[in-house]
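These notes concern the structure reproduced below.
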Amino acid sequence: MNIKALIYQSPALSGDYPDFDTTKAPEDPFKTFYEWFEHAVKAGVLEPSAFVFSTADTEGEPSARIVNLRDMTPECFIIGSNSESRKGRDLEGDASVAMTFYWRETGRQIRITGRAEAASEEENRKDFLHRHPGSRALSLTAKQSESLGSMEELKEGIQEAEKMVEENPDAFKTWTLYKVIPSHMEFFQARKDLAHVRLKYEKVDGVWQKHLLWP
Ligand SMILES: Cc1cc2nc3c(=O)[nH]c(=O)nc-3n(C[C@H](O)[C@H](O)[C@H](O)COP(=O)(O)O)c2cc1C
């Protein structure tokens, strides 16, 4: 097994990348995020809403996984998950999070750090009811990240939950929206000549400031 050889067979950062003119970047990083997201959708980036969501427990033990962005407001990014999962438990003890998007097709990375807050019960209930019945049933099994004995056990759990959703569509337990309020956002545009462009926004005294970073 020679993984190094395989790695060298797959060239990194070799696409036909768009320009990122930082002199025209908006003052508000949420606007930059929206522009980049819209560009990703138009450029045919696969699953642009999937990103790495990192948390840590109270001992500082890190943990990261892919989740989907569900929405964005002028102040926050919104994800949905199970409050009893590892990330849910981490967030109860330490609200610090990192979000990392990588869009291979456009050579773009976005890094966001900030704090996550759980939405109100009413917001969670509304969002839960908008979900696909299958996703609703899965989240009602409410055991995300616990050990699973077999795939049969999962199927039975889902069937039971489907019944529960049918009988009481208002039933929701642990489905939680988390709002990430960012303090830092960095936009990285890869370039073939390796003069990658990095623009970092930082919130200082409530005002976004931006500056370039060495690649
Ligand atoms: C493409 C993709 C999208 C996912 N989206 C979500 C999501 O939006 N919410 C979620 O809780 N888990 C999502 N997952 C599952 C998580 O990666 C993870 O397995 C799960 O949330 C348990 O993580 P935890 O034990 O660290 O809390 C997704 C997985 C993949 C591969």
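Residues in segment 85-99 that are assigned to a helix (DSSP H, G or I) and out of contact with any strand residue (DSSP E or B) (no Cβ under 7 Å at 6 or more places or on another chain): ARG89, GLU92, GLY93.
Scan segment 12-20 and give yes if some residue there is touching a strand residue (DSSP E or B) at 6+ places or on another chain (Cβ under 6 Å) and either farther than 22 Å from PHE128 by Cβ or not charged (D, E, K, R) (or both), otherwise no. For segment 12-20, residues touching a strand residue (DSSP E or B) at 6+ places or on another chain (Cβ under 6 Å) and either farther than 22 Å from PHE128 by Cβ or not charged (D, E, K, R) (or both): present.
Considering only segment 67-103, how many residues are polar (S, T, N, Q), modelled with pLDDT under 95 and within 8 Å of the ligand (Cβ to nearest atom)? Here the count works out to 3. Residues in segment 15-35 that are out of contact with any Leu (no Cβ under 8 Å at 6 or more places or on another chain) and surrounded by 11 or more Cβ atoms within 10 Å (Cβ to Cβ): GLY15, TYR17, PRO18, PRO26, GLU27, ASP28, PRO29, PHE30, LYS31, PHE33, TYR34, GLU35.
Taken over segment 1-41, the criterion of being assigned to a helix (DSSP H, G or I) and of a type in the set (Phe, Trp, Tyr) is satisfied by TYR8, PHE30, PHE33, TYR34, TRP36, PHE37. Looking only at residues in segment 68-101 that are β-branched (Val, Ile, Thr) and crowded, with 18+ Cβ neighbours inside 10 Å, which one is nearest to the chain's Cα centre (by Cα)? By that ranking, first place goes to ILE79. Return yes when VAL41 is aliphatic (A, V, I, L, M) and out of contact with any strand residue (DSSP E or B) (no Cβ under 8 Å at 6 or more places or on another chain) and no when it is not. So VAL41 fits the description; yes. None of GLU59, GLU38, GLU122 is loosely packed, with under 13 Cβ neighbours inside 10 Å, acidic (Asp, Glu), more than 15 Å from the ligand (Cβ to nearest atom) and closer than 21 Å to ARG198 by Cα except GLU38.
The values are calculated or read from the model by the stated rules, or taken from the named source; none is laboratory data. Everything numeric here is computed off the predicted structure, so don't read it as measured data. We place every Cβ from the backbone using ideal geometry, glycine too, and count neighbours over all the protein chains shown.
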